[in-house]
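Undergrad: Attaching a single structure in structure tokens format; questions to follow.
Just so you know, all these numbers are worked out from the coordinates, no wet-lab data involved. On a predicted model such as this, the values are computed, not experimentally measured, just so you know. Because the Cβ atoms are built from the backbone with ideal geometry, glycine has one as well, and the counts that use them run over all protein chains shown.
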Amino acid sequence: MGTIEGNENNPATLKLVLAGKLAKTQYAVKIRGHNEEGQYLPYLALSSEDNIFVPNAAIWFILPPAEELSDKVREVLEMESTVLSPSLALLLGTNLKSEKVKSSVLSALQSLNSTLEGSQFLVQDAITVADVAVFSTLFPIFKAAKLLKEYLGSFPSISKYLNQLELLPEVKDSVAIVFHQKCNIGPVSYQVLFQSSKYLVPQIQSDPKTVNRLDSVEKESSKHEVETVSSEELEAAEKAWKKSPGSLPKLKTPNKVVLPKTGEKNVFITSALPYVNNVPHLGNIIGCVLSADVFARFSRLCNNNTLYICGTDEYGTATETKALEEGLSCQAICDKYFKIHQEIYQWFNISFDSFGRTSTPLQTELAQDLFLQLNHNGFMSTQAVDQLLCEKCNRYLADRFVEGGCPNVGCTYEDARGDQCDGCGKLVNAIELKNPRCKICGSTPKVKSSSQFFIDLPKLEPLLLHWVKNSSPGWSHNAEVIAKAWLKEGLKPRCITRDLHWGVPVPLDGFRNKVFYVWFDAPIGYMSISKAYTKEYEKWWRPAKDTEVKLYQFMAKDNVPFHAILFPAILLGANREYVTVSHIMATEYLNYEEGKFSKSRGIGVFGNDARDTKIPSDVWRFYLLYVRPEAQDASFSWNDLATKNNSELLNNLGNFINRALIFVKNNFNSTIPKLELTSEDYTLLALCTRELKGYIAALDKCKLRDGIRHILAISRHGNQYMQLNQPWVKIKQGEEGKLRGGTVVGVCANLSCLLATLLQPYLPETSEKLKAQLNCEYFVLNPENIEIINLLPTGHSIGEPQPLFTKIEPEVIEEYKKKFAGSQESRKTPPKEIVKPDLCNGDAETLEEAIAKQGLVVRKLKEGGFDKTVWAPEVAKLVALKARLAELTGVAPDKKSSSKKSNATTNNNVQKVANNMPAKSKKKPVNNSN
């Protein structure tokens, strides 16, 4: 099969041998003594001319992970190869004593320890190459008592993990091959690792003085293996470099009002309208507005005619419920949370052309118009629907206004909502609740029929089938799967009206006391927000025949049915040649640490939480996009946020840019020196051109995670190039050396200029700072002609270099983990105690009132997600009060009746709020129809 060649006592050699053992593949193994003449980088020889010299690439070849795990495995390998392994090699394998490098190691270990808490392996329930790489790199620390205590003493999960892996037969065999008892396992292992692998310094945020101290450690780094390019690529890179910056087209200045233009690429972008009844959490932000923003910024850099709109979804039951909770009118709730959403998105630098809302007369006008058109075209029908009616409140109860016993078999939860049971997590039909009660007044509602409008989806199904077949090739995979699953099941008529107060009224006699259900009118919000933006909005929605508009819609997967089936059905059924979506870009879910984000329970990090930290918005943007759940669910992790910031932004990207610009400032008077490129320089440019092509291809397909990886690959190439060429050494070697050193940093400054543009969609604030430091402008990204030219020619003056990123310390992360644990409610100060101690000595009437109040306290604490240590004492007070009442009356307390009484008291309080709400809360939106 092949041969593994390496040297003894080398963690990198252990990687290859262990991977071969686990793969059950018969590779010949040749191990050289670590003191032999000539140092060998461990490699896999597949034939006389076909070798793999990069250890992690070799183990991936030997033991490839399952496709569904490849992204997560790759992330671990990137961290191990760019942070953990080189940092340990420099720290323990050389005389370098750097607190920064040690801090990088500890930060990486902390992230690994967090991943391994409760897990046997790093990625799944079986060993992968991620485990092979990490175990091999940490093995010498694990076997050296002093290093074990110093580095792993605070990380018990890692120690347990290493101990378990060491017991595996394959590990024992591999260790016996690579390490011998006579060898001093520990620092010497990292000396071998450093000498054989020629690790460089891109992992250290350093100034020229630091670099000079490392010269003695890297005398032979010029022998480092570089990636090869073809002669065609070299020729293309040289030809492109010699072009004048003036040959590039200029970025267009967008008009105040963006309208589609004939003969141009017109890109219309929407993101799912966030619901207005709560603060958006990080999962909401990456699922819609942030993803759409990156693509909109990229599209503008491509000189496309681009419009990006969004807004808050404000009608429906959730708004009414929130209004009751806060004692405000529905309009006041919408005004309050619209402002909160707007401020959060501004802080995240979301570049909307227009951010609107749905509770407007324009929304009423367009929703009613589309309904009447669909009704006229024969796609509407009416039928009776059983609903719960509260006679006391004189209103039909929407799902969230009714509670009762869960109807699902085996569940005894008594406070299930009309749409879902929090006890068992299953969906619920409101009319099937046991002992239902009105959430407003506490009385028992009755089942009563009410006539509602339905959209006749079966009639529209042939149109939808044809449309999905033609449109879905441009969608994300999950969007296509979800839409086709709906169609495969067969579409059914869908109810589009409800007996609610807050919504767009139905414009037909006999139905004017009803409103459209939120899923019907919410997508129409894209149209009404467009109309609020410009009176010529129909040029986007019904463009001229010689003008093409491409509609991109970004959302999480739970919104796909509304955008892939229901909204297109409305537009197709209207038969007005509306633009329909050509690209549905749906994400999977972003989870929070070990659990899930939840708006209803307030669990996770919310937009205002992120804003209130000391972490810049660009770092939040970077991390959310780095872990964007494109193919499968992903998780937000505080430790991982710090690791990615410290390794990728600070040590890779920031280090490369800052070192290059400081060198230009200190050695060439902040002016790009004379540049004479060699084949080595053009090789670098060719490699970076590959990454630039990958970046543009990825963003063009909305593969945003891939795009950010291409950016980091460019800076990684640049770091290696600078380290191999050592300009700080070259400029001391006469005129020829100074010319060479100047060329190297001039090329690196040019790559920094390239990165300024590529970063703009992802990190807009950082990009602007870098642009100022380089004294440059953004350039147009041309998918038809992808090349790197000399953007900063000789004589160009740069600005003042400054660090772009700062380290996130472990103690800061621990502080945030504690601060944002639990729910939003539990982070607040618990309600003040209502029951006074002396009440236990009152009369029966006073005690009954106290019991009701204390029951309300207990219920609020439990529903608010407070810890048991908070609510348990309040429960004890409630039990004591009931016992005292039983003593006075001689009647034993009935748990059920007490519970009902407590609920009734709670509901009466809610009723008082409802009755005292401003008149606006019960006022219907203006009916503009005739």
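Undergrad: Under 8 Å for C-alpha pairs, at least 6 residues apart: give me the relative contact order for segment 653-797, rounded to a whole percent.
TA: Computed value for segment 653-797: 33 percent relative contact order.
Undergrad: Per residue of segment 340-351, what does 6.51 cos²θ - 1.76 cosθ + 1.60 with θ = phi - 60° give for ³J(HN,Hα)? Whole Hz please, x for Gly and Pro, Karplus curve as stated.
TA: Those phi angles translate into 5, 4, 4, 5, 5, 5, 5, 5, 7, 6, 7, 8 Hz.
Undergrad: Take peptides 265-278, 486-499, 67-80 and line them up by average Cβ neighbours within 10 Å, highest first, as a rough protection proxy.
TA: Order by mean packing, descending: 265-278, 67-80, 486-499.
Undergrad: For segment 653-797, how big is the tail of P(r) above 28 Å, as a whole percent of Cα pairs?
TA: More than 28 Å apart: 15 percent of the Cα pairs in segment 653-797.
Undergrad: Right, something else. Find the centroid of the Cα atoms in segment 251-289 and in segment 755-781, then give the distance between the two in whole Å.
TA: Distance between centres, Cα-based: 21 Å.
Undergrad: What shape does segment 290-376 have by the C-alpha gyration tensor, where a ≥ b ≥ c are the square roots of the eigenvalues, rounded means a/c under 1.5, and otherwise prolate means a/b greater than b/c and oblate the rest?
TA: Taking the square roots of the gyration eigenvalues as a ≥ b ≥ c, segment 290-376 is oblate.
Undergrad: Follow-up question, since we're still on this one. Whose amide H sits under 5 Å from the amide H of residue 402, counting only residues 5 or more places off or on another chain, with H placed in the peptide plane?
TA: For residue 402, the qualifying residues are 418, 439.
Undergrad: Let me ask something additional. List, in order, the whole-Hz ³J(HN,Hα) value for each residue of segment 235-243 obtained from phi through the Karplus relation with A = 6.51, B = -1.76, C = 1.60 and θ = phi - 60°; use x for Gly and Pro.
TA: 5, 5, 5, 5, 5, 5, 4, 7, 6
Undergrad: Turning to a different aspect of this structure: For segment 574-590, what does the Karplus curve 6.51 cos²θ - 1.76 cosθ + 1.60, with θ = phi - 60°, yield as ³J(HN,Hα) per residue in whole Hz, taken in order and with x for Gly and Pro?
TA: 5, 6, 10, 6, 5, 5, 10, 5, 9, 9, 9, 10, 10, 9, 7, 9, 9
Undergrad: Of the cross-linked pairs 72/488; 102/674; 446/514; 72/146; 15/769; 261/693, which ones have a Cα-Cα span greater than 30 Å in the structure shown?
TA: Beyond 30 Å: 72/488; 102/674; 72/146; 15/769.
Undergrad: Can I ask one more? First obtain the Kirkwood hydrodynamic radius of segment 439-551 from its Cα pairs, then insert it into the Stokes-Einstein equation at 25 °C and 0.890 mPa s, and state the resulting D in µm² per second as a whole number.
TA: 139 µm²/s
Undergrad: Would you compute, for the Cα atoms of segment 3-196, the largest minus smallest coordinate along each principal axis and list the three values in descending order, in whole Å?
TA: 45, 41, 27
Undergrad: Among 478-485, 683-690, how do they line up by average Cβ neighbours within 10 Å per residue, starting with the highest?
TA: 683-690, 478-485
Undergrad: Take the eigenvalues of the Cα gyration tensor for segment 588-734, scale each by 5, and report the square roots as semi-axes in whole Å, largest first.
TA: 38, 19, 11
Undergrad: Looking at 679, 692, 637, which one has the Cα that reaches farthest to the positive end of the dipole of segment 596-709 (charges on Cβ: Lys, Arg +1; Asp, Glu -1)?
TA: Highest projection toward the positive end goes to 637.
Undergrad: How do 566-573, 164-171 rank on mean C-beta neighbours within 10 Å, highest first?
TA: Peptide ranking by packing, descending: 566-573, 164-171.
Undergrad: Continuing with this model, one more query. Convert 10 °C to kelvin, take the viscosity as 1.306 mPa s, use the Kirkwood radius over C-alpha pairs of segment 221-328 as Rh, and evaluate the Stokes-Einstein diffusion coefficient in µm²/s, rounded to a whole number.
TA: After rounding, the answer is 84 µm²/s.
Undergrad: For residue 796, enumerate residues with amide H under 5 Å from its amide H, sequence gap 5+ or separate chain, H modeled in the peptide plane.
TA: 672
Undergrad: To continue, here is another question. What residues have an amide H closer than 5 Å to that of residue 387, excluding those fewer than 5 places away on the same chain, when H is modeled at 1.01 Å from N in the peptide plane?
TA: For residue 387, the qualifying residues are 448, 449, 450.
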